[in-house]
(Lines give C-alpha, C1' and ligand atoms only; values in the text may rest on other atoms or scores of the structure.)
Protein backbone atom coordinates (compact mmCIF):
# COMPACT_ATOMS: atom_id res chain seq x y z
CA UNK A 1 0.00 0.00 0.00
CA UNK A 2 1.32 3.42 -0.93
CA UNK A 3 1.63 5.43 2.30
CA UNK A 4 3.76 8.42 1.38
CA UNK A 5 3.10 11.55 3.40
CA UNK A 6 2.27 13.42 0.19
CA UNK A 7 -0.53 11.03 -0.66
CA UNK A 8 -1.83 10.84 2.91
CA UNK A 9 -2.18 14.60 3.19
CA UNK A 10 -2.89 15.55 -0.43
CA UNK A 11 -5.01 12.69 -1.74
CA UNK A 12 -7.98 14.96 -2.42
CA UNK A 13 -10.29 12.64 -0.50
CA UNK A 14 -12.47 13.70 2.42
CA UNK A 15 -10.81 13.69 5.81
CA UNK A 16 -11.89 10.67 7.84
CA UNK A 17 -10.76 12.46 11.01
CA UNK A 18 -13.02 15.43 10.32
CA UNK A 19 -15.85 13.06 9.41
CA UNK A 20 -15.65 11.17 12.70
CA UNK A 21 -15.33 14.35 14.74
CA UNK A 22 -18.52 15.73 13.16
CA UNK A 23 -20.27 12.41 13.73
CA UNK A 24 -19.31 12.29 17.41
CA UNK A 25 -20.42 15.88 17.90
CA UNK A 26 -23.81 15.01 16.40
CA UNK A 27 -24.08 12.04 18.73
CA UNK A 28 -23.60 14.41 21.68
CA UNK A 29 -26.93 16.07 20.90
CA UNK A 30 -29.71 14.16 22.74
CA UNK A 31 -31.90 12.26 20.29
CA UNK A 32 -34.97 13.22 22.33
CA UNK A 33 -34.29 16.88 21.50
CA UNK A 34 -34.12 16.09 17.79
CA UNK A 35 -37.40 14.17 17.91
CA UNK A 36 -39.14 17.13 19.50
CA UNK A 37 -37.73 19.42 16.80
CA UNK A 38 -38.50 17.21 13.79
CA UNK A 39 -41.80 18.81 12.76
CA UNK A 40 -40.42 22.33 13.21
CA UNK A 41 -37.32 21.51 11.17
CA UNK A 42 -39.44 20.06 8.37
CA UNK A 43 -41.67 23.14 8.39
CA UNK A 44 -38.68 25.51 8.23
CA UNK A 45 -37.18 23.60 5.33
CA UNK A 46 -40.53 23.40 3.57
CA UNK A 47 -40.68 27.20 3.50
CA UNK A 48 -37.10 27.53 2.30
CA UNK A 49 -36.79 24.96 -0.49
CA UNK A 50 -38.57 24.26 -3.79
CA UNK A 51 -41.05 21.55 -2.84
CA UNK A 52 -41.51 20.19 -6.35
CA UNK A 53 -37.79 19.50 -6.52
CA UNK A 54 -37.77 18.02 -3.01
CA UNK A 55 -40.76 15.75 -3.64
CA UNK A 56 -39.27 14.52 -6.90
CA UNK A 57 -36.10 13.38 -5.17
CA UNK A 58 -37.94 11.86 -2.20
CA UNK A 59 -40.11 9.80 -4.54
CA UNK A 60 -37.03 8.76 -6.51
CA UNK A 61 -35.26 7.43 -3.43
CA UNK A 62 -38.34 5.84 -1.86
CA UNK A 63 -40.56 4.45 -4.61
CA UNK A 64 -42.99 2.68 -2.28
CA UNK A 65 -46.45 3.59 -3.59
CA UNK A 66 -48.66 1.24 -1.59
CA UNK A 67 -48.53 0.35 2.12
CA UNK A 68 -46.16 -2.59 2.57
CA UNK A 69 -45.84 -3.90 6.14
CA UNK A 70 -42.47 -5.24 7.25
CA UNK A 71 -41.96 -8.82 8.33
CA UNK A 72 -40.85 -10.19 11.67
CA UNK A 73 -37.21 -9.57 10.82
CA UNK A 74 -37.59 -5.80 11.08
CA UNK A 75 -35.89 -4.27 14.11
CA UNK A 76 -36.75 -1.18 16.14
CA UNK A 77 -34.49 1.84 15.87
CA UNK A 78 -33.76 1.45 19.58
CA UNK A 79 -31.79 -1.72 18.77
CA UNK A 80 -29.61 -0.08 16.13
CA UNK A 81 -26.07 -0.05 17.52
CA UNK A 82 -22.58 0.58 16.20
CA UNK A 83 -21.40 -2.90 17.13
CA UNK A 84 -21.58 -5.15 14.11
CA UNK A 85 -22.00 -2.28 11.65
CA UNK A 86 -19.45 -0.36 9.59
CA UNK A 87 -18.71 2.94 11.32
CA UNK A 88 -19.48 5.13 8.32
CA UNK A 89 -22.75 3.36 7.54
CA UNK A 90 -23.72 3.55 11.21
CA UNK A 91 -23.02 7.26 11.62
CA UNK A 92 -24.59 8.21 8.29
CA UNK A 93 -27.75 6.30 9.23
CA UNK A 94 -27.82 7.68 12.75
CA UNK A 95 -27.64 11.22 11.44
CA UNK A 96 -31.15 10.66 10.06
CA UNK A 97 -32.89 7.97 12.12
CA UNK A 98 -32.15 9.71 15.46
CA UNK A 99 -34.87 12.20 14.54
CA UNK A 100 -37.55 9.47 14.72
CA UNK A 101 -39.19 7.47 17.50
CA UNK A 102 -37.00 4.59 18.70
CA UNK A 103 -40.10 2.36 18.59
CA UNK A 104 -40.28 2.52 14.78
CA UNK A 105 -38.93 -0.53 12.97
CA UNK A 106 -36.90 -0.84 9.78
CA UNK A 107 -34.92 -3.16 7.59
CA UNK A 108 -31.44 -2.12 6.47
CA UNK A 109 -28.74 -3.74 4.39
CA UNK A 110 -25.33 -2.09 4.45
CA UNK A 111 -22.48 -2.50 2.00
CA UNK A 112 -22.32 -2.71 -1.78
CA UNK A 113 -25.79 -3.93 -2.72
CA UNK A 114 -27.06 -4.95 -6.16
CA UNK A 115 -29.77 -7.47 -5.30
CA UNK A 116 -33.24 -6.12 -4.53
CA UNK A 117 -34.51 -7.10 -1.05
CA UNK A 118 -37.79 -8.97 -0.64
CA UNK A 119 -39.08 -6.27 1.74
CA UNK A 120 -38.64 -2.49 1.86
CA UNK A 121 -35.05 -2.02 2.99
CA UNK A 122 -32.74 0.95 3.45
CA UNK A 123 -29.62 0.54 1.30
CA UNK A 124 -26.70 2.56 -0.06
CA UNK A 125 -26.93 1.20 -3.61
CA UNK A 126 -29.36 -0.59 -5.88
CA UNK A 127 -29.59 -1.96 -9.40
CA UNK A 128 -31.19 0.23 -12.06
CA UNK A 129 -31.79 -2.70 -14.42
CA UNK A 130 -34.76 -4.19 -12.53
CA UNK A 131 -37.69 -3.08 -10.39
CA UNK A 132 -35.92 -1.58 -7.39
CA UNK A 133 -38.96 -0.39 -5.41
CA UNK A 134 -37.97 -2.26 -2.23
CA UNK A 135 -34.51 -0.66 -2.22
CA UNK A 136 -34.86 2.67 -0.39
CA UNK A 137 -31.79 4.85 -0.79
CA UNK A 138 -30.04 6.87 1.89
CA UNK A 139 -26.75 8.70 1.53
CA UNK A 140 -24.52 6.11 3.20
CA UNK A 141 -20.72 5.87 3.23
CA UNK A 142 -20.79 9.44 1.96
CA UNK A 143 -17.34 10.32 3.30
CA UNK A 144 -15.90 7.97 0.68
CA UNK A 145 -18.37 8.53 -2.13
CA UNK A 146 -19.33 12.22 -1.99
CA UNK A 147 -16.03 13.91 -2.81
CA UNK A 148 -16.00 17.11 -4.85
CA UNK A 149 -12.90 18.84 -6.22
CA UNK A 150 -11.87 22.31 -7.38
CA UNK A 151 -10.27 22.03 -10.80
CA UNK A 152 -8.34 25.01 -12.18
CA UNK A 153 -7.09 23.27 -15.34
CA UNK A 154 -9.18 23.94 -18.48
CA UNK A 155 -10.07 20.87 -20.52
CA UNK A 156 -7.91 21.87 -23.48
CA UNK A 157 -4.82 22.29 -21.30
CA UNK A 158 -5.04 18.75 -19.92
CA UNK A 159 -3.14 15.78 -21.32
CA UNK A 160 -4.99 14.27 -24.27
CA UNK A 161 -5.15 10.86 -22.61
CA UNK A 162 -7.41 8.72 -20.47
CA UNK A 163 -6.38 7.52 -17.03
CA UNK A 164 -7.47 4.61 -14.88
CA UNK A 165 -6.23 3.79 -11.41
CA UNK A 166 -8.16 1.36 -9.28
CA UNK A 167 -8.51 -1.99 -7.62
CA UNK A 168 -9.00 -4.62 -10.28
CA UNK A 169 -9.47 -7.76 -8.17
CA UNK A 170 -12.01 -10.14 -9.69
CA UNK A 171 -14.13 -7.48 -11.41
CA UNK A 172 -14.44 -8.65 -15.00
CA UNK A 173 -15.00 -5.20 -16.50
CA UNK A 174 -11.85 -3.85 -14.88
CA UNK A 175 -9.84 -6.93 -15.83
CA UNK A 176 -10.89 -6.53 -19.43
CA UNK A 177 -10.04 -2.83 -19.42
CA UNK A 178 -6.56 -3.41 -18.05
CA UNK A 179 -5.98 -6.29 -20.44
CA UNK A 180 -6.88 -4.07 -23.40
CA UNK A 181 -5.19 -0.83 -22.41
CA UNK A 182 -2.29 -1.44 -20.02
CA UNK A 183 0.68 -0.08 -21.96
CA UNK A 184 -1.46 1.84 -24.47
CA UNK A 185 0.12 5.21 -25.31
CA UNK A 186 -3.29 6.95 -25.15
CA UNK A 187 -4.38 5.37 -21.86
CA UNK A 188 -2.53 5.46 -18.54
CA UNK A 189 -4.05 2.33 -16.97
CA UNK A 190 -2.77 0.47 -13.94
CA UNK A 191 -3.88 -1.66 -11.01
CA UNK A 192 -3.37 -0.15 -7.57
CA UNK A 193 -4.07 -3.27 -5.55
CA UNK A 194 -3.10 -6.77 -6.67
CA UNK A 195 -4.85 -9.74 -5.07
CA UNK A 196 -3.20 -12.51 -7.03
CA UNK A 197 -4.46 -14.33 -10.11
CA UNK A 198 -4.55 -12.91 -13.57
CA UNK A 199 -3.55 -9.40 -12.60
CA UNK A 200 -1.19 -10.08 -9.71
CA UNK A 201 1.39 -8.07 -11.67
CA UNK A 202 1.16 -5.14 -14.03
CA UNK A 203 2.74 -5.06 -17.46
CA UNK A 204 5.99 -3.64 -16.05
CA UNK A 205 6.34 -6.57 -13.65
CA UNK A 206 5.35 -4.66 -10.52
CA UNK A 207 2.50 -5.99 -8.38
CA UNK A 208 0.97 -2.54 -8.10
CA UNK A 209 1.71 1.05 -8.97
CA UNK A 210 1.63 3.87 -6.40
CA UNK A 211 -1.74 5.46 -5.98
CA UNK A 212 -2.21 8.89 -7.49
CA UNK A 213 -3.99 11.70 -5.73
CA UNK A 214 -7.33 12.74 -7.12
CA UNK A 215 -5.74 16.00 -8.23
CA UNK A 216 -3.07 14.09 -10.17
CA UNK A 217 -5.92 12.57 -12.18
CA UNK A 218 -7.06 16.05 -13.19
CA UNK A 219 -4.01 16.40 -15.43
CA UNK A 220 -5.89 14.14 -17.90
CA UNK A 221 -8.84 15.01 -20.14
CA UNK A 222 -10.56 11.65 -19.69
CA UNK A 223 -10.95 9.72 -16.43
CA UNK A 224 -12.35 6.21 -16.49
CA UNK A 225 -15.24 5.57 -14.10
CA UNK A 226 -15.57 1.78 -14.02
CA UNK A 227 -18.16 0.17 -11.77
CA UNK A 228 -16.89 -2.09 -9.02
CA UNK A 229 -19.05 -4.02 -6.57
CA UNK A 230 -21.75 -1.45 -7.29
CA UNK A 231 -21.16 2.07 -8.63
CA UNK A 232 -17.91 3.72 -9.69
CA UNK A 233 -16.97 5.62 -6.53
CA UNK A 234 -14.89 8.16 -8.47
CA UNK A 235 -17.74 9.32 -10.73
CA UNK A 236 -18.84 12.14 -8.43
CA UNK A 237 -15.49 13.87 -8.11
CA UNK A 238 -14.78 13.45 -11.82
CA UNK A 239 -18.06 15.22 -12.59
CA UNK A 240 -17.08 18.08 -10.27
CA UNK A 241 -13.97 18.71 -12.38
CA UNK A 242 -13.15 19.97 -15.88
CA UNK A 243 -12.21 16.46 -17.01
CA UNK A 244 -14.76 14.10 -18.55
CA UNK A 245 -15.96 10.91 -16.93
CA UNK A 246 -15.87 7.98 -19.33
CA UNK A 247 -17.90 4.85 -18.63
CA UNK A 248 -19.95 2.09 -20.23
CA UNK A 249 -23.71 2.14 -19.46
CA UNK A 250 -24.26 2.13 -15.70
CA UNK A 251 -26.06 -0.65 -13.87
CA UNK A 252 -26.25 0.65 -10.28
CA UNK A 253 -27.06 3.85 -8.46
CA UNK A 254 -26.76 5.52 -5.07
CA UNK A 255 -28.01 8.76 -3.49
CA UNK A 256 -26.27 10.42 -6.46
CA UNK A 257 -29.08 9.15 -8.70
CA UNK A 258 -26.77 7.68 -11.32
CA UNK A 259 -29.89 6.35 -13.04
CA UNK A 260 -30.74 9.90 -14.10
CA UNK A 261 -27.41 10.62 -15.72
CA UNK A 262 -27.32 10.70 -19.52
CA UNK A 263 -24.47 9.63 -21.74
CA UNK A 264 -23.33 12.46 -24.00
CA UNK A 265 -24.86 14.97 -21.58
CA UNK A 266 -23.20 14.36 -18.20
CA UNK A 267 -20.46 11.93 -19.17
CA UNK A 268 -18.94 10.14 -22.16
CA UNK A 269 -20.63 6.79 -22.67
CA UNK A 270 -18.76 4.00 -24.44
CA UNK A 271 -19.46 0.36 -25.20
CA UNK A 272 -19.15 -2.39 -22.61
CA UNK A 273 -16.21 -3.88 -24.50
CA UNK A 274 -14.40 -0.50 -24.59
CA UNK A 275 -13.90 -0.84 -28.35
CA UNK A 276 -14.87 2.79 -29.04
CA UNK A 277 -12.86 4.44 -26.25
CA UNK A 278 -10.19 5.99 -28.46
CA UNK A 279 -12.79 7.04 -31.02
CA UNK A 280 -14.71 8.87 -28.28
CA UNK A 281 -11.52 10.54 -27.07
CA UNK A 282 -10.71 11.68 -30.60
CA UNK A 283 -14.17 13.17 -31.02
CA UNK A 284 -14.19 15.26 -27.84
CA UNK A 285 -10.57 16.36 -28.25
CA UNK A 286 -11.43 17.69 -31.70
CA UNK A 287 -14.74 19.16 -30.50
CA UNK A 288 -13.80 21.07 -27.33
CA UNK A 289 -17.16 22.89 -27.29
CA UNK A 290 -18.96 19.53 -26.94
CA UNK A 291 -16.52 18.54 -24.18
CA UNK A 292 -17.15 21.83 -22.38
CA UNK A 293 -20.91 21.32 -22.60
CA UNK A 294 -20.59 17.95 -20.89
CA UNK A 295 -18.28 19.33 -18.24
CA UNK A 296 -20.65 22.20 -17.43
CA UNK A 297 -23.69 19.88 -17.31
CA UNK A 298 -21.78 17.53 -15.00
CA UNK A 299 -20.79 20.42 -12.72
CA UNK A 300 -24.40 21.60 -12.54
CA UNK A 301 -25.56 18.10 -11.67
CA UNK A 302 -23.02 17.92 -8.84
CA UNK A 303 -24.07 21.30 -7.47
CA UNK A 304 -27.45 20.01 -6.33
CA UNK A 305 -25.75 17.90 -3.65
CA UNK A 306 -23.71 20.68 -2.05
CA UNK A 307 -26.40 22.09 0.28
CA UNK A 308 -25.97 19.88 3.37
CA UNK A 309 -29.11 21.06 5.09
CA UNK A 310 -31.23 20.38 2.02
CA UNK A 311 -29.68 16.93 1.68
CA UNK A 312 -30.55 16.17 5.29
CA UNK A 313 -34.07 17.50 4.76
CA UNK A 314 -34.57 15.16 1.81
CA UNK A 315 -33.20 12.23 3.80
CA UNK A 316 -35.56 12.96 6.69
CA UNK A 317 -38.50 12.98 4.28
CA UNK A 318 -37.29 9.71 2.72
CA UNK A 319 -37.30 8.01 6.13
CA UNK A 320 -40.63 9.60 7.04
CA UNK A 321 -42.10 8.20 3.82
CA UNK A 322 -40.48 4.82 4.51
CA UNK A 323 -42.10 4.58 7.94
CA UNK A 324 -45.48 5.75 6.62
CA UNK A 325 -45.44 3.32 3.68
CA UNK A 326 -44.60 0.42 6.00
CA UNK A 327 -47.76 1.09 8.03
CA UNK A 328 -46.10 2.84 10.96
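Listed values, structure above:
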| quantity | calculated |
| --- | --- |
| Residue list for region 14-44, restricted to those being farther than 16 Å from residue 100 by Cβ and surrounded by 14 or more Cβ atoms within 10 Å (Cβ to Cβ) | 14, 19, 20, 22, 23 |
| Residue within region 4-25 that is more than 24 Å from the chain's Cα centre (by Cα), touching a residue at least 40 places away in the same chain (Cβ under 8 Å) and over 28 Å from residue 150 (Cα atoms) present | no |
| Selected residue (only one of 285, 275, 243 is outside the structural domain of residue 115 (by TED's automatic domain parsing), loosely packed, with under 14 Cβ neighbours inside 10 Å and at pLDDT 95 or above) | 275 |
| Test for residue 57: is it in contact with a helix residue (DSSP H, G or I) (Cβ under 8 Å, 6 or more places away or on another chain), more than 30 Å from residue 241 (Cα to Cα) and in contact (Cβ under 8 Å) with a residue 24 or more places away in the chain | no |
| Helices (runs of 4 or more DSSP H) lying entirely in region 27-115 (those with 2 or more residues that are closer than 28 Å to residue 227 by Cβ) | 51-61, 87-97 |
| Count of residues meeting criterion [within 24 Å of the chain's Cα centre (by Cα), part of a loop (DSSP other than H, G, I, E, B) and without any contact (Cβ under 8 Å) to a residue 40 or more places away in the chain] in region 269-283 | 2 |
| Test for residue 62: is it under 21 Å from residue 127 (Cβ atoms) and at pLDDT 95 or above | yes |
| Yes/no for residue 176 being more than 24 Å from residue 311 (Cα to Cα) and in the same structural domain as residue 239 (by TED's automatic domain parsing) | yes |
| Conditions (1) more than 23 Å from the chain's Cα centre (by Cα); (2) surrounded by 14 or more Cβ atoms within 10 Å (Cβ to Cβ); (3) farther than 23 Å from residue 214 by Cβ: number failed by residue 81 | (2) |
| Top-ranked residue of region 288-326 - restricted to ones that are surrounded by fewer than 20 Cβ atoms within 10 Å (Cβ to Cβ) and not in a helix (DSSP H, G or I), ranked as farthest from the chain's Cα centre (by Cα) | 307 |
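The values are calculated or read from the model by the stated rules, or taken from the named source; none is laboratory data. Small disclaimer: the values here were computed from a predicted structure and weren't measured. Every residue, glycine as well, gets a Cβ built from its backbone with ideal geometry; the counts of neighbours run over all protein chains shown.
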